[in-house]
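Written out below as structure tokens is the structure these notes cover.
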Amino acid sequence: MVCFAGNSSAFGDCMSDTQTKDMIELDTRALIGKGLHRECFVHPEDPARCIKIVVSGSGNENRREQAYYAELTRRGVSWDMLPRFYGLVSTNLGEGAVFDAIRDYDNRISFTLGHYLSSEQLTRLHGPALRMALDRLKAYLLEYRIITMTLKTKNILFQLTGENTGKLVIIDNIGNSDFIPLANHIPRLARWKIQRKWRRFERSLRRDYAANRALAQALEPART
Ligand SMILES: Nc1ncnc2c1ncn2[C@@H]1O[C@H](COP(=O)(O)OP(=O)(O)OP(=O)(O)O)[C@@H](O)[C@H]1O
Ligand SMILES: [Mg+2]
């Protein structure tokens, strides 16, 4: 909306009009989760989407994320294991970035992979599905050459698609933080980088959840 006004009162009217029409009102009751930098809310006009607000830091990471999303959109990647990005909106809490909200088959917001791995019982319950979901996520990242920063279990949701089935969705930390991001242009380099990130991720799983015997089993190489 473009707003030109000859006097301050007309300008004030125009501003309040913009605010009531365009500004999305976020309520703390709609908070889904909070990381070190952002808070994530259910979109009040569409429960299938969420809005992320930067609450600390410079916002540089958000800009890098948006640039990387633009690149992935240009390349036409599948959004099977990444939430779609729908652009920026203005809210009462500041600028917000709109994404798909990841929900389980029963409509509940999905829990993080960390949640499932922190409980040996939950890992055992979903063992085969988790194992398959990890293999599928790796294959997806390689197929579409999606580069991530350090993969962390708090930034991956395990979306239950049924009682005993699920897939992993990366909700944060995608993109290439290299000073000169060559891997964005050289597919073989991208795949090499993804393989390396994945090896480190598996190592971090074994280390951080060492007491979880069900996870050790799920990570064992398949016997043929
Ligand atoms: N698309 C989504 N669907 C459902 N829940 C989400 C989604 N994105 C984020 N969340 C929830 O909000 C929390 C915070 O989001 P996010 O990880 O993007 O914040 P952050 O501050 O960037 O995290 P970090 O501490 O890793 O920097 C997540 O841990 C998750 O619980
Ligand atoms: Mg996070």
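Values in this text are rule-based calculations from the coordinates and carry no lab data. No experiment lies behind these values; they were computed from the predicted model shown. Here the Cβ positions follow ideal geometry from the backbone for every residue, glycine too, while neighbour counts run over all protein chains shown.
Side notes on the structure shown:
- Counting lysine pairs in the chain that sit 8 or more residues apart in sequence, or on different chains, and whose Cα atoms lie under 14 Å apart gives 7.
- Spin-label pair THR73/LEU182, simplified geometry with 7 Å Cα→Cβ offset, distance in nm: 3.0
- Stretching the chain fully between ARG64 and GLN217 yields a gain of 51.4 nm (0.36 nm per residue, less the alpha carbon separation).
- The base-10 log of I(q)/I(0) for the range 111-219, evaluated at q = 0.13, 0.16, 0.17 Å⁻¹, reads -0.48, -0.70, -0.78 [Debye formula, identical scatterers on Cα atoms, solvent excluded].
- Overall form of the range 41-99 per C-alpha gyration tensor (a/c, 1.5; a/b vs b/c): oblate
- Relative contact order of the chain, pairs being alpha-carbon contacts under 8 Å that are 6 or more residues apart, as %: 17
- Summarising the label geometry, the points placed 7 Å from Cα in the beta-carbon direction at LEU189 and THR161 lie 3.4 nm from one another.
- Rough spin-label spacing in nm, given labels placed 7 Å along Cα→Cβ, for LEU88 and ASP208: 3.0
- Given the chain, longest segment not containing exposed loop trypsin sites (Lys or Arg not before Pro) (DSSP; at most 11 other Cβ within 10 Å): 109-222
- Three-way shape call for the chain based on the alpha-carbon gyration tensor, with the a/c threshold at 1.5: prolate
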